[in-house]
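> Handing you a structure now.
The values are calculated or read from the model by the stated rules, or taken from the named source; none is laboratory data. It should be emphasised that the depicted structure is a prediction, and the values quoted were computed from it without experimental measurement. Glycine gets a Cβ as well: all are built from the backbone with ideal geometry, and neighbour counts include every protein chain shown. Surface accessibility is based on the protein's heavy atoms, side chains included, excluding ligands, DNA and RNA. Shrake-Rupley method; radii C 1.70, N 1.55, O 1.52, S 1.80 Å.
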Amino acid sequence: DAGVTQSPTHLIKTRGQQVTLRCSPKSGHDTVSWYQQALGQGPQFIFQYYEEEERQRGNFPDRFSGHQFPNYSSELNVNALLLGDSALYLCASSLANDEQFFGPGTRLTVL
Amino acid sequence: QKEVEQNSGPLSVPEGAIASLNCTYSDRGSQSFFWYRQYSGKSPELIMSIYSNGDKEDGRFTAQLNKASQYVSLLIRDSQPSDSATYLCAVNEGAGTALIFGKGTTLSVSS
């Protein structure tokens, strides 16, 4: 049973660029949540997708956007990258309101 | 601002001892409570979930919840060096399923 997968593993971008991160949920899961984890901090909720709609959103600017596809996989897009966007981006999948399981994450570095 | 508070540690215990990790939360509407373990450079791994007041045991782990005191704890019995990691407390935000995380407590188990 494949767990949550994310790509790419690492990414280096420069300020002002745009980035797309990808996530495939665990088999049987229908809900995908995205989190940002800065060094030494706990993950911070960005948004959650269910049935291809953004169901809940955290306190992140509109530069952060996402999408969920019919196969439940999801993308996180960040426009106009800032140095402060450097972090570990985590995708978590769940079945409806159940426990969330994290993927390995994408380490984004903005120079 | 809904918050989850944890002592950052480090919490140091000898091998075989009981490690006690504590967490308080501010959102009285929270109904779901989770403990994640995160090894350095890795993503969070779900180890316990608890939804009702009282204790829940799973192997060497026991989660305790007191909603009246807005307090969650995790006990690790017979601590092993492999338990050395950062432990993240997470609670759901109000009626939704977004998770609010604490900053984590670093546990060090010495052999």
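> List pairs: first residue in the stretch B:76-96 and more than 10 Å from chain A (Cβ to nearest Cβ) and touching a residue at least 40 places away in the same chain (Cβ under 8 Å), second residue among the charged types (D, E, K, R) and open to solvent by less than 10 Å² (accessible area, probe 1.4 Å) anywhere in the structure, Cβ distance under 8 angstrom, at least six positions apart or on different chains.
Pairs found: B:I76/B:D83.
> Does the stretch A:15-28 hold any residues that are open to solvent by less than 80 Å² (accessible area, probe 1.4 Å), in contact with a strand residue (DSSP E or B) (Cβ under 7 Å, 6 or more places away or on another chain) and over 29 Å from B:L107 (Cβ atoms), and which are they?
Those that are open to solvent by less than 80 Å² (accessible area, probe 1.4 Å), in contact with a strand residue (DSSP E or B) (Cβ under 7 Å, 6 or more places away or on another chain) and over 29 Å from B:L107 (Cβ atoms): A:V19, A:T20, A:L21, A:S24, A:P25.
> Only one of (1) open to solvent by 30 Å² or more (accessible area, probe 1.4 Å); (2) in a loop (DSSP other than H, G, I, E, B); (3) closer than 26 Å to A:N59 by Cα is not met by B:R37, so which one is it?
(2)
> Can you confirm whether the stretch B:26-41 contains a residue that is away from chain A (no Cβ under 14 Å), acidic (D, E) and farther than 29 Å from A:S7 by Cβ?
no
> Another question, then. Would you please name the residue that is modelled with the lowest pLDDT, looking only at residues in the stretch B:11-32 that are out of contact with any Phe, Trp or Tyr (no Cβ under 9 Å at 6 or more places or on another chain), among the hydroxyl-bearing types (S, T, Y) and in a loop (DSSP other than H, G, I, E, B)?
Applying the filter and picking the extreme gives B:S30.
Conditions (1) open to solvent by 80 Å² or more (accessible area, probe 1.4 Å); (2) within 14 Å of chain B (Cβ to nearest Cβ); (3) free of Cβ contacts under 8 Å to residues at least 40 places away in the same chain; (4) assigned to a loop (DSSP other than H, G, I, E, B), marked per residue:
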{"position": "A:G40", "(1), (2), (3), (4)": "no, yes, yes, yes"}
{"position": "A:F45", "(1), (2), (3), (4)": "no, yes, yes, no"}
{"position": "A:Y49", "(1), (2), (3), (4)": "no, yes, yes, no"}
{"position": "A:R55", "(1), (2), (3), (4)": "yes, yes, yes, no"}
{"position": "A:P61", "(1), (2), (3), (4)": "no, no, yes, yes"}
{"position": "A:G66", "(1), (2), (3), (4)": "no, yes, yes, no"}
{"position": "A:E75", "(1), (2), (3), (4)": "no, no, no, no"}
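> Let me ask another. For B:S49, state whether it is open to solvent by 80 Å² or more (accessible area, probe 1.4 Å) and at pLDDT 95 or above. Walk me through it before giving the result.
Details: open to solvent by 80 Å² or more (accessible area, probe 1.4 Å): no; at pLDDT 95 or above: yes.
The answer is no for B:S49.
> Of the numbered conditions (1) more than 12 Å from A:V4 (Cα to Cα); (2) more than 9 Å from chain B (Cβ to nearest Cβ); (3) hydroxyl-bearing (S, T, Y), A:Y35 satisfies every one except a single condition; which is it?
(2)
> Check off (1) touching a residue at least 24 places away in the same chain (Cβ under 8 Å); (2) open to solvent by less than 50 Å² (accessible area, probe 1.4 Å); (3) assigned to a loop (DSSP other than H, G, I, E, B) for A:L11 and give me the number that stays unchecked.
Of (1) touching a residue at least 24 places away in the same chain (Cβ under 8 Å); (2) open to solvent by less than 50 Å² (accessible area, probe 1.4 Å); (3) assigned to a loop (DSSP other than H, G, I, E, B), only one is false for A:L11: (3).
> Has the stretch A:2-16 got any residue that is over 11 Å from the mean Cα position of the chain (by Cα) and within 27 Å of B:S30 (Cβ to Cβ)?
Yes; the residues of the stretch A:2-16 include at least one that is over 11 Å from the mean Cα position of the chain (by Cα) and within 27 Å of B:S30 (Cβ to Cβ).
> Name the single residue that is nearest to the other protein chains (Cβ to nearest Cβ) among those in the stretch A:77-111 being within 12 Å of the chain's Cα centre (by Cα) and open to solvent by 60 Å² or more (accessible area, probe 1.4 Å).
A:P104
> Quick one: how many residues across the stretch B:1-34 are surrounded by 12 or more Cβ atoms within 10 Å (Cβ to Cβ) and on the phi > 0 side of the Ramachandran plot?
1
> Can you pull out the residues in the stretch B:55-69 that are assigned to a strand (DSSP E or B) and either open to solvent by 30 Å² or more (accessible area, probe 1.4 Å) or of a type in the set (A, V, I, L, M, F, W, C) (or both)?
Passing the criteria: B:D55, B:K56, B:E57, B:D58, B:F61, B:A63, B:Q64, B:L65, B:N66.
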